[in-house]
Amino acid sequence: MTHGNDTGNKQLMEKYLGLAQPDDGIMCEYIWIDGTGEGIRSKCRTVYEEPKKPTDCPIWNFDGSSTYQAEGSNSDMYLYPCAIFSDPFRGGKNKLVLCEVFKYNKKPAETNRRKSCNEVMERAKATVPWFGIEQEYTLLDYDGHPFGWPKNGFPGPQGPYYCGVGANKVYGRDIVEAHYRACLYAGVQIAGCNAEVMPAQWEFQVGPCEGIKMGDHLWIARYILHRVAEDFGIVVTLDPKPMEGDWNGAGAHCNYSTEAMRNDGGVKEIEKAIEKLSKHHVRHIKAYDPREGKDNERRLTGHHETSSIHDFSAGVANRGSSIRIPRQVAEDGKGYLEDRRPSSNCDPYAVTEVLVRTTVLDE
Amino acid sequence: MTSRVVSGETDKSVMQRYMTLPQSSDAVMVEYFWIDGTGEGVRSKGRTLSTEPKKPEDCPVWNFDGSSTYQSEGTNSDMYLVPVALFRDPFRLGNNKLVLCEVLKYNKVPAETNNRHTCVKVMEKIKSTKPWFGIEQEYSLMDGDGYPLGWPKNGYPGPQGPYYCGVGSNKVFGRDIVEAHYRACLYAGVKICGCNAEVMPAQWEFQVGPCEGIEMGDHLWAARYLLHRVAEDFGVVITLDPKPISGNWNGAGAHTNYSTEAMRKPGGLAIMEEAITKLSKKHDEHIRAYDPNQGADNSRRLTGRHETSSIKDFSAGVANRGASIRIPRQVAEDGYGYLEDRRPSSNCDPYSVTEIIIRTTLLDDLPLCSC
């Protein structure tokens with residue numbers, strides 16, 4: 001079970017992690033999105049007072065030529081803290097700090113989708129938009145094969161694994177449990193989790209989050225996921241179709257509502273929103289993965305509980321359509337809609353921004 | 001020690017650090033669990049609630065994708081989870097909970113494998129008779145390759161004889177899982193009343209009871225969920241198949257002990273004999289209710305050998321393990337007590353079993369739709 005980068009002795013670590021830490025020596029891990037639009041990077045600095053809000057943390061910088069973000073000749077990029085969370089790995093007063101990336105000329109980096117998302121959320125804030133994202137992901141062993149799958153082979157066909165229990169039904173539950181506890185501790189709005197249809201595939205949900213918080217909380221939840229799995233010597237992939245063939249892909253279904261949709265009679269607002277969404281299918285598909293739809297093409301086939309990437313469709317309780325209206329919502333006459341198109345490796349800032357632009361700002 | 005086949009093993013000591021992170025009191029994890037479309041599989045998923053539930057009704061009605069659990073089509077897949085019984089969570093500890101749920105279809109009609117729905121109505125109807133149940137759940141431990149735990153690969157252990165209630169590493173396999181499960185059940189609030197090693201090596205039994213009415217089904221399903229989940233932690237697989245290894249190896253049952261208040265009082269033996277007479281007239285209906293496949297599973301087990309009765313005949317006797325109904329020797333001596341129905345399969349639905357026993361012995365010929 002141990003391999004190249006697993007130093008094995010976690011007990012030894014405990015001795016050091018248990019050392020008393022001075023009040024004026026707080027560790028802050030700055031976290032950002034790299035040039036791929038889906039990878040996460042981080043580095044640490046000591047601060048001399050416990051930060052209570054993001055602006056208490058100094059603006060920092062890093063070498064963008066090492067993260068696919070800049071040329072070597074002009075590589076400094078800025079990190080602007082925008083959200084802080086408690087650090088579940090270091091404990092105490094230590095923090096995780098989510099940052100926006102800016103270029104040397106103070107313009108947002110190409111993969112900094114937060115800046116425009118924040119502006120849109122500000123403009124739409126009277127509608128009180130809420131989001132909940134269902135983040136699916138797959139666990140891989142260090143050789144790249146799904147964790148728990150027989151080497152050079154495949155498990156039995158899908159059917160018994162979704163929400164399963166038992167050592168022949170689910171693989172890697174320890175990581176899921178550890179991640180959930182770490183997120184709760186950090187202050188991430190984690191709302192639930194379950195085993196998914198493909199074995200070694202899991203899902204957690206973050207929300208309900210208002211406005212910009214959806215992107216912030218989901219990115220930190222992703223950082224924590226990669227970091228927890230790293231402790232176990234296991235790899236997390238957010239690839240939307242990690243295994244070809246009769247195996248489910250992974251999505252990031254985005255649940256969305258405005259205050260009007262949540263009030264009595266809201267189903268009319270939901271239908272209006274769906275009407276608008278139906279006219280912008282291509283624009284949304286482009287925003288729903290970091291490669292303008294190329295990643296999602298492998299996943300949105302119309303099979304395995306997906307809609308086809310080519311068509312827009314909507315339906316009550318229909319898991320084969322682009323937009324699903326939950327059965328309970330149809331009965332209550334109000335609630336929210338579920339956009340099932342976003343890929344598991346989408347940028348939640350891009351997804352939430354385009355949903356608000358289309359349905360609220362009419363842009 | 002024989003070699004093990006474990007898929008997906010992870011380091012439990014790493015987990016410890018995370019599981020001891022402080023959890024604030026306004027973030028309680030509740031794991032909803034339910035019976036899937038096979039009638040014997042269990043599924044679960046978790047959610048965060050902002051206050052600690054004290055009774056099942058404190059947990060909101062939820063829903064899930066029934067097309068992924070053999071319970072609905074993809075085009076109309078939402079199904080409802082209605083919490084009915086709450087337990088403490090022995091894996092996550094603290095204020096965290098496990099909640100057993102009934103499944104309803106999109107139109108609020110009970111799902112096909114939701115046998116609790118009619119059982120609870122029947123139990124309500126006859127509650128003044130105070131029916132008590134105790135079920136002896138047998139099961140087998142399997143390694144990751146589907147072969148019994150501890151058995152030599154490509155071979156067999158010595159013949160049955162030394163294993164029942166045995167002690168010693170050549171007599172019993174997997175005791176750690178049994179011990180861990182017992183403690184988990186006690187912590188959770190499940191009415192586990194005993195356990196023992198069984199006749200086939202790697203086969204075990206635990207007993208849940210005495211439970212009154214609907215509680216029997218609720219507590220047995222919770223105990224089964226805990227069993228699968230504990231074994232998962234050990235990388236071992238539980239099977240409730242009634243005949244996991246064919247040949248000269250015992251099958252697995254879920255003997256159901258049953259009594260009403262009248263049977264438990266002096267002179268109760270006469271009431272028990274009346275009940276047995278009624279049971280003798282409904283053998284086929286009971287067999288159909290005693291496994292999830294209308295008797296097909298049990299037909300591999302109830303052969304008349306290996307301490308079973310034949311599936312074709314009904315019989316009853318004092319201290320007779322080859323009979324359909326056994327009256328324990330002590331009960332015959334005291335003149336009151338309970339009877340043991342030895343027919344239910346290990347993978348039976350306890351709701352179906354307890355309901356039909358009540359219908360036959362207390363409700364006479366009341367048709368199903370009258371409840």
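The values are calculated or read from the model by the stated rules, or taken from the named source; none is laboratory data. Note that the structure is a prediction, hence the values are computed from the model and not measured. Every residue, glycine among them, receives a Cβ derived from its backbone with ideal geometry; neighbour counts consider all protein chains shown. Ligands, DNA and RNA are excluded from the accessible area calculation, which covers all protein heavy atoms including side chains. Shrake-Rupley method; radii C 1.70, N 1.55, O 1.52, S 1.80 Å.
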- Message: Looking at B:102, B:136 in this structure, which one is modelled with pLDDT of 95 or more, under 30 Å from residue A:184 (Cα atoms) and either in contact with a His (Cβ under 8 Å, 6 or more places away or on another chain) or not hydrophobic (A, V, I, L, M, F, W, C) (or both)?
- Response: B:102
- Message: Return the residues of the range A:122-141 that are closer than 10 Å to residue A:236 by Cα and of a type outside the set (Asp, Glu); say none if nothing qualifies.
- Response: A:137, A:138, A:139, A:140
- Query: So which residues in the range A:126-149 are assigned to a loop (DSSP other than H, G, I, E, B) and hydroxyl-bearing (Ser, Thr, Tyr)?
  - Reply: A:142
- Working carefully through the options B:223, B:262, find the one that is assigned to a helix (DSSP H, G or I) and either within 14 Å of chain A (Cβ to nearest Cβ) or touching a strand residue (DSSP E or B) at 6+ places or on another chain (Cβ under 9 Å) (or both). B:223
- For residue A:267, indicate whether it is farther than 30 Å from residue A:328 by Cβ, open to solvent by 10 Å² or more (accessible area, probe 1.4 Å) and of a type in the set (A, V, I, L, M, F, W, C). no
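Hey, does the range A:326-338 have a residue that's outside any helix (DSSP H, G or I), under 16 Å from residue A:133 (Cβ atoms) and in contact with a His (Cβ under 7 Å, 6 or more places away or on another chain)? Before the answer, list the steps.
Of the range A:326-338, the ones outside any helix (DSSP H, G or I) are A:326, A:333-338.
Okay, now just the ones that are also under 16 Å from residue A:133 (Cβ atoms), so A:326, A:336-338.
Checking which are in contact with a His (Cβ under 7 Å, 6 or more places away or on another chain) leaves us with A:338.
Yes, the range A:326-338 contains at least one residue that is outside any helix (DSSP H, G or I), under 16 Å from residue A:133 (Cβ atoms) and in contact with a His (Cβ under 7 Å, 6 or more places away or on another chain).
With the structure loaded, tell me whether residue B:9 is out of contact with any Phe, Trp or Tyr (no Cβ under 7 Å at 6 or more places or on another chain), of a type in the set (Asp, Glu) and more than 11 Å from every other protein chain (Cβ to nearest Cβ) or whether it fails that test.
Values: out of contact with any Phe, Trp or Tyr (no Cβ under 7 Å at 6 or more places or on another chain): yes; of a type in the set (Asp, Glu): yes; more than 11 Å from every other protein chain (Cβ to nearest Cβ): no.
Taking the combined requirement at face value, the residue does not satisfy it.
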- Query: Any residue at all in the range A:351-361 that is open to solvent by less than 20 Å² (accessible area, probe 1.4 Å), touching a residue at least 12 places away in the same chain (Cβ under 8 Å) and closer than 22 Å to residue A:225 by Cβ?
  - Reply: yes
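What are the residues in the range A:294-311 that are out of contact with any Leu (no Cβ under 8 Å at 6 or more places or on another chain) and of a type outside the set (S, T, N, Q), if any? Outline the logic, then answer.
The first filter runs over the range A:294-311 and keeps only residues out of contact with any Leu (no Cβ under 8 Å at 6 or more places or on another chain), leaving A:294-305, A:310-311.
Within the range A:294-311, A:294, A:295, A:297, A:298, A:299, A:300, A:302, A:303, A:304, A:305, A:310, A:311 qualify.
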- Tell me, yes or no, whether the range A:103-112 has at least one residue that is open to solvent by 10 Å² or more (accessible area, probe 1.4 Å) and not in a loop (DSSP other than H, G, I, E, B). yes
- Query: What number of residues within the range B:276-309 satisfy the criterion of being within 23 Å of the chain's Cα centre (by Cα), closer than 29 Å to residue B:334 by Cα and either outside any loop (DSSP other than H, G, I, E, B) or of a type in the set (S, T, N, Q) (or both)?
  - Reply: 5
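Tell me which residues, restricted to the range B:39-49, are in a strand (DSSP E or B) and either more than 7 Å from chain A (Cβ to nearest Cβ) or of a type in the set (A, V, I, L, M) (or both). Spell out the reasoning first.
Pass one, the range B:39-49, residues in a strand (DSSP E or B): B:42-49.
Hits for the range B:39-49 are B:42, B:49.
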- Of everything in the range A:178-212 that's open to solvent by 10 Å² or more (accessible area, probe 1.4 Å) and out of contact with any strand residue (DSSP E or B) (no Cβ under 8 Å at 6 or more places or on another chain), which residue is farthest from residue B:239 (Cα to Cα)? A:212
- Query: In the range B:1-11, what residues are exposed (fewer than 12 other Cβ atoms within 10 Å of the Cβ) and either at pLDDT 85 or above or not in a loop (DSSP other than H, G, I, E, B) (or both)?
  - Reply: none
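Before we move on, is residue A:68 closer than 25 Å to residue A:232 by Cα and surrounded by fewer than 16 Cβ atoms within 10 Å (Cβ to Cβ)?
On the way: closer than 25 Å to residue A:232 by Cα: no; surrounded by fewer than 16 Cβ atoms within 10 Å (Cβ to Cβ): yes.
Judged against the criteria, residue A:68 is not a match.
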- Please give the strands (runs of 3 or more DSSP E) falling wholly within the range A:164-283 in which 3 or more residues are of a type in the set (S, T, N, Q), away from chain B (no Cβ under 14 Å) and over 27 Å from residue A:315 (Cα atoms). none
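From the list A:62, A:85, which residue is open to solvent by less than 20 Å² (accessible area, probe 1.4 Å) and modelled with pLDDT under 95? Write out each step before concluding.
Numbers: A:85 fails: modelled with pLDDT under 95.
Of the residues listed, the single one that is open to solvent by less than 20 Å² (accessible area, probe 1.4 Å) and modelled with pLDDT under 95 is A:62.
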- Task: Check whether at least one residue in the range B:66-73 is on the phi > 0 side of the Ramachandran plot and either at the interface with another protein chain (Cβ under 10 Å from one of its Cβ atoms) or aromatic (Phe, Trp, Tyr) (or both), and report yes or no.
- Result: yes
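When the residues of the range B:253-275 are narrowed to those that are of a type in the set (A, V, I, L, M, F, W, C) and open to solvent by less than 20 Å² (accessible area, probe 1.4 Å), which ends up nearest to the chain's Cα centre (by Cα)? Walk me through it before giving the result.
Narrowing the range B:253-275 to residues of a type in the set (A, V, I, L, M, F, W, C): B:254, B:262-263, B:269-272, B:275.
Now drop any that are not open to solvent by less than 20 Å² (accessible area, probe 1.4 Å), which leaves B:254, B:263, B:272, B:275.
On the way: B:254: 7, B:263: 24, B:272: 24, B:275: 24 Å.
Selected residue: B:254.
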- Checking residue B:229 against (1) part of a helix (DSSP H, G or I); (2) more than 14 Å from every other protein chain (Cβ to nearest Cβ); (3) open to solvent by less than 30 Å² (accessible area, probe 1.4 Å), the condition it does not meet: (2)
- Task: Give the number of residues within the range A:119-162 that are at pLDDT 95 or above, open to solvent by 50 Å² or more (accessible area, probe 1.4 Å) and out of contact with any Leu (no Cβ under 9 Å at 6 or more places or on another chain).
- Result: 5
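Residues are listed down the side, and each one gets a yes or a no for (1) in contact (Cβ under 8 Å) with a residue 24 or more places away in the chain; (2) open to solvent by less than 10 Å² (accessible area, probe 1.4 Å); (3) assigned to a strand (DSSP E or B); (4) within 28 Å of residue A:198 (Cβ to Cβ):
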site: B:18; (1), (2), (3), (4): no, yes, no, yes
site: B:24; (1), (2), (3), (4): no, no, no, no
site: B:37; (1), (2), (3), (4): yes, no, no, yes
site: B:71; (1), (2), (3), (4): yes, no, no, yes
